[in-house]
Structure formats: structure tokens, C-alpha cells
1. What's the carbon and sulfur percent of the chain's accessible surface, probe 1.4 angstrom, rounded to a whole number?
2. Determine the shape class of segment 153-242: with a ≥ b ≥ c the square roots of the Cα gyration tensor eigenvalues, call it rounded for a/c under 1.5, and otherwise prolate if a/b is greater than b/c, oblate otherwise.
3. With charges set only on the Cβ (+1 for Lys and Arg, -1 for Asp and Glu), what does the dipole of the chain come to about its Cα centre, in debye to the nearest 20?
4. Beta carbons within 10 angstrom, averaged per residue: use that to sort the peptides 354-365, 513-524, highest first.
5. Could you work out the per residue convex hull volume over the alpha carbons of the chain, in cubic angstrom?
6. Of the peptides 547-558, 152-163, how do they stack up when ordered by the mean number of other Cβ atoms within 10 Å, highest first?
7. Show that you can apply the helix-only estimate: for the chain, add -39,500 (n - 2.57) for every DSSP H stretch of four or more residues, divide by all residues, and state [θ] at 222 nm to the nearest 500.
8. Specify the inter-centroid distance of segment 416-447 and segment 27-51, based on alpha-carbon positions, in whole Å.
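The values are calculated or read from the model by the stated rules, or taken from the named source; none is laboratory data. The structure displayed is predicted, hence computed values, not measured ones. We place every Cβ from the backbone using ideal geometry, glycine too, and count neighbours over all the protein chains shown. Remember, those area values only see protein heavy atoms, side chains included, never the ligands or the DNA or RNA. Shrake-Rupley method; radii C 1.70, N 1.55, O 1.52, S 1.80 Å.
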Amino acid sequence: MSGSVKASLWTIWFIMTVFFITAFDQYAFSQIAGNEKEILSLFVLAAIAAVFPIHYRGYSFVLFQWVSLASFLLYGLLIEIIVTQFALLFSLLLMKINRESLYRIPLNSIMFYITSLSAAGVYYFVVGLPLPNALEFFVPLAAYVCTFLFVNHVLIFLIRNHLAKIKTKFIDRGTLWELATAALVLPMSLILVMMYQEIGYGASGIVAVAFIGISIMLKVYRRSELMNEQLKKVNELGIELSSTWEVNETAHLFINKIKDLFPSDYIYLYTIENTRLELLEAYQKDPTDLFSTGKTIDSVTEKVYRRKRAVVFQNRSQWPTPERLWLKTAHSVMVVPMIQHRELKGIITIAVNQKSAYKKQDVMLIEILANFVGVAIDNARHYEATKKESERCPLTSLYNYRSFERLLIENYERSFIQNEKAAVILLDLDHFKSVNDTYGHQAGNEVLCQIARLMEETIGESGIVARYGGEEFVILLTNTNSTVAYMKAEELRSRIAQHQFLIHNDLNEGEVTTIQVTASIGVATSDNEESNPVSLVRQADRAMYTGAKQKGRNRVAVYGDGPVVQIAAGTMEDTLTR
């Protein structure tokens, strides 16, 4: 809502309030004399009604209209207006609205000025109508209540759709619940009026006790119902978390579900890595709010890390001083440790731009979820480690051939469907046995690891690198052709030949030295209809042995149809015939 609209609301409210005070002073002030206790008891009832709103299925209703109607029937319109305005202001104060939301005071006050005047006008109009004796009392009251509800609902609809720019339906499920609760207004008002006429202001005490009792029972029922709903969601989330197999997927799912379970503008999931807190996953409603300074761990989270106990703040005034400057807008903060077998596994931090947002039951639920997500992350890490062991070469960390074969088939089929070419590059180190014989097998392993890193740097994201076996390596390139595959293979061959490999000579007391090695490389592409994933590897292998190894080593050979394979603008020296 723009500043000019807010200023206009305050101006209209001030003018209406001045008119009301003037009218009250002239026409209603005299009514207070002799009725101070009765009128004061109505204010008390209105305050009690504001303290105990009715909550059901996500909707909240402050049911003070029955006190307003009783005030109208007992003392007239002006007393009803002041009681209604008092109840409204008391409700807004209980909501602890911040400075940015102060415009709600004039907005709601104007709305209820209009509502009270409209309902009273219809009431007086209907009273003047010729009605049967049996209806002359109840029809005006029903007209008052219906007008009050209708005008109030229309104004709320207009405010949401035109001032707040929130598109809503005129009639939704909330409207139906509003009508259901409003059905209590007329009988409660009549009971209150009749009791006032019989026993005076003491009636307010009896009605207040009954209203408070009913409200507390509804509140307890609603709280238990809400707890059951949340426990059901927590259980469902626990089942979902147990079915995830990757750490990042687990953390992402957890963050997304937490947003639906608890009020949250900031959510951070930390894990313990080498005795240090590391941020695994984060959510920020405004991404520029928190981490703009580069800091990722606040002192509240660090406090929980040291003490291994949950911490809850309901207002930013309770925070440590540095965090008030750093976390600009949040008020309520909930920080809960993830503990398994008395060992700290991580920390969950949740914050929201709202005061007193978290209750004891929220802490209990998030502690349950902390156990769920801690176990799920451990399981995911175990699965990832096991998967890596089964897919990767333990020495070079490259894919092993079994994994490469699966990826080859998947990518080949995709390339075939998309009418793209695929290429396989097979690499074998020349005279590698002499490296092992001269410097020891550990030195040979060091060369293999450095070769693996060199291949990953050269190929990058354009292909898949795997260890074929022994001193042989294999590469899959997708969406490529013979020319590109050859150029990539030649670049790799050249880098290997020029590279100085740093090793430890185990046969000479571990002396550090550098050596050079070369590689023979074969290339095959899916250029003909007879190609298939397995044949590509065989063709690359044949090209390597026949066209590179047998022609002198340290060269690249391409498997082709003719006696000479043409590459770009030149003719390759290395040829291969079938």
C-alpha cells in the first residue's frame, strides 16, 4: 500500500473521529451519568471477546459483534460505536502490529464506522415499517445483524482486491465460517440484554465467565486439532525423507516442507563437517537480507552448537546485540540441534519477521523433525559413499568401466534419438610397465592419478572420463563428430606428452623426481548405421592398437572407412582400414 493511500486513510479517519466525538459529546455523553458501571462492563466484555478469538481451519474471528449489538439495544448508536471502536483497537493491540502496519488502525476504524452506521440505519428503517406484532422485535434485530455482516464483508472484499491488490473471491470457505459464527451474535446479544435488564452490570460477569469458558474449551480443542494435523504432516515428512537417497535432495525437501509447517522467512540447515558448522541448505524470503556480508553462521546458532540445546527468541530485543544489526527484519527465532546418540550432527535455524511466532509445541515438532532429517542425511551420505565406491575407481576417482558402460549406453541411445553423433576416445599409456619397473608401482599409481586429473581438465563438462583398466582410459563425447573428437584427442595427447609428472621413486628411498610419459589414442565415432555402444569401444580400441601403437606410439588414430581419414583442412598421417 502506497504512502499517499496511507496518509489519506489517516486523514479520513481523523475527520470521521472528530465528527463522532462531537456527536457523542452533544447526544450521548449525558447517557453515561448513572450508567457508568453498566457501560464500563460492556467495555470489559468487548475486551474479553477480543482476547479470545475463535480459530478454526486456518480462519480467525474476533467475535465482539454480540457486545456491539447489546450496546446498541441498551444505549443506542453512539455508545455502540465507541464500544466497537474500543474492541477493534484492543484487538489490533493484541496482534502487536508493527510500524509498517499502523495503517490498519485507521483502515479498520473507518470500516467499522461505516458498518455501525449502515446497520443502525437499516435497523431504524425496519423499525418504522408496519410489521406484525410477532415480528416487530426480531425482524429489526435480524436486519441489523445481516446488514452489519454484509457491509463488513463487502468492505473487506473491496479493501483486499483494490487497496491490498490481493485477488480473492467474494464468497469462499472463510465467508461460510464467518456466517456460521455470526449466527451466535443475535442469541448472545439478546441473552446479555435481558440479563442486564434483570440484574444490571453483574450480568457482564456471568456472561464473561461463560464466554471465557467456551472460548478456552474451543482453544484447547483447536490446539489439539492443530497438533494432530502437524504431527500427521511431520510423520509424512519423515516418510518422505526416508525415501531420499542424496544429501542435497534430502536437504532441499526438508527446507521446502518446513516452510509449510512453521512461520518462516529464513531457514538454515547446518551440518557438522570436521568439527565445524557448514551451511548445507538455506532459504531466505529476501535473498539480499542476510548473507550480503558474507557471514553464514550467527551467534545464536553458535550458542546452540556449544550447548547442544534449543533456543527460542520471540522478539529481536531478546537477541544478542550483533545479530540485531545483522538480521535486519526478523523477530522470532527458533534454533534446534540435530542430535543422534548424544552426538551433535547439525543445527536447524528458523526465523520470521513476526513477534511471538513460535510456541512450545513448535519446538517439540522441530526437534522430532531434526531427528528425522539427521537420520535421513546420514543414510543419504552412506548411500552416496557406497554408490561412489561401486561406480568409481578407488585410485583415480574416475568412473570405473562398469559405470562407464552404463553411461555409454544411456548417452548413445539419447544421441541416436536426437540424431546426434557420439564419439569414444580410448587412451593407453606407452611403455608404462617401464615406469613401474624403474620407479615402483606406487610411482606408477601417482602417474595414473595425475593423468586422470589432466584428462578431466582437458575434457571438462563436454564428456565422461573413465578408467578402462590398468593404464588404459576411455572418454565418451556426445553431440560431436570425427573432427571435434580428433582435435580433443590430439589436445589431450599433446598435454600428456609435454607434462612433467611429479613422482616419488620408491626404488631409490622415495626420491622426488619428474618424468614424462606419452599416450597412444584411438578415436571412433557413430558415423555409420552399424555402430552401437559396444562396437564404438571396440573400434576405438582397434584404432589405438593398429593406427597408433603399431605406427610408433604417441599419436592419435581415427577409425574410418577409407584408407585415409580427412580431418578439417588437412589430411591425417595416421590411417586405419578395416
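1. Result for the chain: 58 percent of the exposed heavy-atom area is carbon or sulfur.
2. Numbers: a/c = 3.81, a/b = 1.43, b/c = 2.67.
Oblate shape, in that a/c is at least 1.5 and b/c is the bigger or equal ratio.
3. It comes to approximately 1700 debye.
4. In descending order of packing, they fall as 513-524, 354-365.
5. Per residue, the Cα convex hull of the chain comes to 250 Å³.
6. Most protected by this proxy first, the peptides run 547-558, 152-163.
7. Calculated mean residue ellipticity at 222 nm is -18000 deg cm²/dmol.
8. About 93 Å separates the Cα centre of segment 416-447 from the one of segment 27-51.
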